1. Starting from segment 214-234, keep only residues that are farther than 17 Å from residue 92 by Cα, then list their pairs with residues that are modelled with pLDDT under 95 and open to solvent by 70 Å² or more (accessible area, probe 1.4 Å) whose Cβ atoms are within a distance under 7 Å, requiring at least 6 positions of separation or different chains.
2. Hey, residue 201 hits all of (1) closer than 24 Å to residue 239 by Cβ; (2) in contact with a Lys or Arg (Cβ under 8 Å, 6 or more places away or on another chain); (3) within 12 Å of the ligand (Cβ to nearest atom) but one; which does it fall short on?
3. Given 74, 122, 78, which one is more than 16 Å from the ligand (Cβ to nearest atom), within 26 Å of residue 283 (Cα to Cα) and open to solvent by less than 20 Å² (accessible area, probe 1.4 Å)?
4. Looking only at residues in segment 167-186 that are open to solvent by less than 10 Å² (accessible area, probe 1.4 Å) and more than 13 Å from the ligand (Cβ to nearest atom), which one is nearest to the chain's Cα centre (by Cα)?
5. Residues 236, 283, 246, 240: which one is in contact with a Ser or Thr (Cβ under 8 Å, 6 or more places away or on another chain), of a type in the set (Asp, Glu) and in a helix (DSSP H, G or I)?
6. Among the residues of segment 127-180 satisfying the criterion of being touching a strand residue (DSSP E or B) at 6+ places or on another chain (Cβ under 7 Å) and part of a strand (DSSP E or B), which is farthest from residue 225 (Cα to Cα)?
7. Is it fair to say residue 290 is in a helix (DSSP H, G or I), surrounded by fewer than 16 Cβ atoms within 10 Å (Cβ to Cβ) and touching a Leu at 6+ places or on another chain (Cβ under 9 Å)?
8. Regarding residue 116, is this residue more than 15 Å from the ligand (Cβ to nearest atom), under 30 Å from residue 69 (Cα atoms), open to solvent by less than 10 Å² (accessible area, probe 1.4 Å) and in contact (Cβ under 8 Å) with a residue 24 or more places away in the chain?
Amino acid sequence: MPYPEERPRRLRGSARRRAMVAETRLHRDRLIWPLFAVPGTNIEREIPGFPGVHHHSVDRLVEACRSAVGDFGLRSVLLFGLPESKDAEGTGAWAEDGIVQQACRAIRAANLDIEVITDVCLCEYTDHGHCGVLTPELPNRPATVDNDPTLELLARTATSHAAAGADMVAPSDMMDGRIGALRAALDDEGHEDLPIMAYSAKYASAFYGPFRLAADSAPAFGDRRTYQMDPANADEALREIALDIEEGADIVMVKPGLPYLDIIRRAKDAFHVPIAAYNVSGEYVMLKALAAGDPLAEERLFLEATTSLCRAGADLVITYAAPLVAKAIR
Ligand code: PBG
């Protein structure tokens, strides 16, 4: 037989043929779009350093959700909130009229067919920017997040989101035992059917930069390495995910996405629950910069990134480019 004996290029000969044998298929149902609620009215302000991503007042956020469903066919959003004021405990996180609570009620009132997922964390609400309440500073130990007292505050936050109409909560704090604490509190208040999407393998990453400006949540001192994971670790990610599933997580997340494709794949192989991947702010801004305003390049970059996350094993992808990707695959 003449060389070459095998010709893999045959199956790449046309767009039609490539589509027939594509192993990974994106679908709008898999996309989750993060949104940032801010106090005020009629605000839709692009966030500096975060092109194409906006701060929305609650009224405009409802319109963004309407457009997500109507114009782009998206199914779900992930809500973050910037409170009017911050304090040491982050009381704004569970305030009855807190910003995320207001947003949930407004979206519910608009009767939109959209899954409202809320990020549950205290870092946007604490004046020190850490993801929980702090331990006292001792001569031999700098202040850090006090795990167990923080659990109760996170649980309060989650139940208040549920009471305001959230469909699902997504704790991103990385405290030990938080999924169990949230599950118990939700069940206690009659929300036993409300799922938890756990940020299970969340790394202490330098790719969160634009988000921290957007959410005004950069730690005022130190960093998050005593609670978020060390990028050097993979086995530990599987232990974290196993714990969260044991404690009641319905969906588990790997975050960031692209630098952690190996973790996504290992999680997919090891567990049989839906896996979400968070294509975080720094990854998004990197791709935006690479596209340099060329819409075609942008589309190709975000399609490739999202496809890669799904190929690695993600069932769900959280991405700031959700509308763009949804439009491209329509
Ligand atoms: C809150 C939270 C963060 C992100 C999501 N939830 C920031 C952090 O942990 O500092 C980052 C998302 C992104 O970068 O897109 N804890």
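1. From residues that are farther than 17 Å from residue 92 by Cα, the pairs are 222/142.
2. Of (1) closer than 24 Å to residue 239 by Cβ; (2) in contact with a Lys or Arg (Cβ under 8 Å, 6 or more places away or on another chain); (3) within 12 Å of the ligand (Cβ to nearest atom), only one is false for residue 201: (3).
3. Values: 122 fails: more than 16 Å from the ligand (Cβ to nearest atom); 78 fails: more than 16 Å from the ligand (Cβ to nearest atom).
None of the other options fit; the residue is 74.
4. If we take residues in segment 167-186 being open to solvent by less than 10 Å² (accessible area, probe 1.4 Å) and more than 13 Å from the ligand (Cβ to nearest atom), then 179 is nearest to the chain's Cα centre (by Cα).
5. On the way: 236 fails: in contact with a Ser or Thr (Cβ under 8 Å, 6 or more places away or on another chain); 283 fails: in contact with a Ser or Thr (Cβ under 8 Å, 6 or more places away or on another chain); 246 fails: in contact with a Ser or Thr (Cβ under 8 Å, 6 or more places away or on another chain).
Result of the check over 236, 283, 246, 240: 240.
6. Selected residue: 168.
7. Numbers: in a helix (DSSP H, G or I): yes; surrounded by fewer than 16 Cβ atoms within 10 Å (Cβ to Cβ): yes; touching a Leu at 6+ places or on another chain (Cβ under 9 Å): yes.
Yes.
8. Working: more than 15 Å from the ligand (Cβ to nearest atom): yes; under 30 Å from residue 69 (Cα atoms): yes; open to solvent by less than 10 Å² (accessible area, probe 1.4 Å): yes; in contact (Cβ under 8 Å) with a residue 24 or more places away in the chain: yes.
Against the criterion (more than 15 Å from the ligand (Cβ to nearest atom), under 30 Å from residue 69 (Cα atoms), open to solvent by less than 10 Å² (accessible area, probe 1.4 Å) and in contact (Cβ under 8 Å) with a residue 24 or more places away in the chain), residue 116 qualifies.
The values are calculated or read from the model by the stated rules, or taken from the named source; none is laboratory data. Computed from a prediction, not measured in an experiment: that's the story for all the values here. Positions of Cβ are generated from backbone atoms using ideal geometry, with glycine treated the same way; all protein chains shown enter the neighbour counts. For the accessible areas, the whole protein counts, side chains as well, though only heavy atoms, and no ligand, DNA or RNA atoms are used. Shrake-Rupley method; radii C 1.70, N 1.55, O 1.52, S 1.80 Å.
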